[in-house]
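Okay, structure first, notes after.
Where a number appears in this text, it was derived from the coordinates with a stated rule and is not lab data. This one's a predicted model, so the numbers in the text were calculated from it and none came from an experiment. Neighbour counts run over all protein chains shown; Cβ positions are idealised from the backbone, glycine included.
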Ligand SMILES: NC(=O)c1ccc[n+]([C@@H]2O[C@H](COP(=O)([O-])OP(=O)(O)OC[C@H]3O[C@@H](n4cnc5c(N)ncnc54)[C@H](O)[C@@H]3O)[C@@H](O)[C@H]2O)c1
């Protein structure tokens with residue numbers, strides 16, 4: 001009879017993680033590999049993808065997710081290199097430089113961010129759904145959303161794109177459940193992906209009443225209940241859960257991994 005250790009074991013599974021050169025994607029790729037999966041790491045930054053892959057005994061490749069044909073080819077190449085595709089993690093995403101007051105957001109800023117965060121994610125979902133359906137053994141798609149999907153604060157471009165990711169996830173979960181493909185959204189809260197130690201947070205609980213409805217991102221980070229920024233590996237642990245048999249009956253959910261952000 002399988003044990004919890006068997007449920008979490010990803011041995012024999014093949015995963016593809018987009019945007020895995022650094023940050024959360026690198027943490028997720030590492031966690032999946034530690035759980036036994038063979039991992040293909042892709043990124044627009046090929047050198048970084050290879051560095052992540054080398055560190056975890058995986059494979060690295062170049063992929064700009066905004067190129068629909070390249071996204072499909074990257075997943076087909078994963079199958080030809082590693083034999084199959086069981087898990088797709090759509091992590092590639094951008095947020096810096098695209099925020100600000102709505103009047104300052106240019107058409108180019110809007111389109112650039114949406115082409116990565118939404119179009120690219122869709123291209124990879126579409127290709128993975130086709131491959132996994134043909135394989136006939138189900139699969140897992142994990143879309144990296146954000147707490148900004150429900151609590152705006154970075155700006156219309158990013159916040160809107162992550163709300164789209166969450167709803168695309170639910171729609172796909174409904175469509176793909178009959179063929180055994182679970183599709184879930186993992187929503188990181190503040191996760192430190194830059195060099196050096198993260199800034200200190202107070203961890204002071206928010207006032208029970210009277211808090212302003214629209215709180216700034218900086219204020220929320222300062223009051224984050226867990227009292228510290230998240231680490232990419234904390235996102236990785238949640239990704240292993242969603243990729244494994246531990247979550248066999250879970251599809252279409254939005255899983256915040258946020259240190260209590262959504263309680264604020
Ligand atoms: N760090 C956080 O606090 C946080 C919070 C919520 C959600 N997220 C989400 O997590 C994901 C990863 O963010 P991160 O903080 O690790 O960012 P990051 O900037 O550290 O890493 C993002 C990676 O995506 C790659 N990338 C960018 N454009 C790409 C493209 N067109 N094709 C392929 N790869 C591309 C980059 O080269 C980079 O390696 C994003 O979807 C982001 O929106 C992050």
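What the table shows:
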| quantity | calculated |
| --- | --- |
| Residue order, fewest to most beta carbons within 10 Å, for 158, 95 | 95, 158 |
| Relative contact order (%) - the chain, alpha-carbon pairs under 8 angstrom, separation at least six | 20 |
| DSSP bridge orientation in the chain - percent antiparallel, rounded to nearest 5 | 0 |
| Cα-based helix-to-principal-axis angle, 23-34 vs the chain, degrees rounded to 10 | 40 |
| For 251, 81, order by how many other beta-carbon atoms lie within 10 Å, fewest first | 81, 251 |
| Sorted by Cβ neighbour density within 10 Å, fewest at the top, the residues 106, 78, 18 | 106, 78, 18 |
| Rounded tilt (10° steps) of 68-82 against the dominant C-alpha axis of the chain | 50 |
| Paramagnetic label zone (point 7 Å from Cα along Cα-to-C-beta, residue 84; backbone N under 20 Å) in region 173-189 | 176-184 |
| Potential lengthening between residue 133 and residue 248 on full extension [0.36 nm per residue; Cα-Cα distance subtracted] | 39.7 nm |
| Folded to 0 to 90 degrees: helix 121-135 orientation relative to the chain principal axis, Cα | 30 |
| Computed [θ] at 222 nm, deg cm²/dmol, the chain (DSSP H ≥ 4; -39,500 (n - 2.57); rounded to nearest 500) | -12000 deg cm²/dmol |
| Residue-span extension gain [residue 218 to residue 47] - 0.36 nm each, minus C-alpha spacing | 58.3 nm |
| Anisotropy class of the chain from Cα gyration tensor, a/c 1.5 cut | prolate |
| Efficiency of FRET from Cβ geometry, residue 174 and residue 110, R₀ 45 Å, rounded to 0.05 | 0.95 |
| The chain: most fluctuating residue of 20, 136, 155 per GNM, C-alpha cutoff 10 Å | 136 |
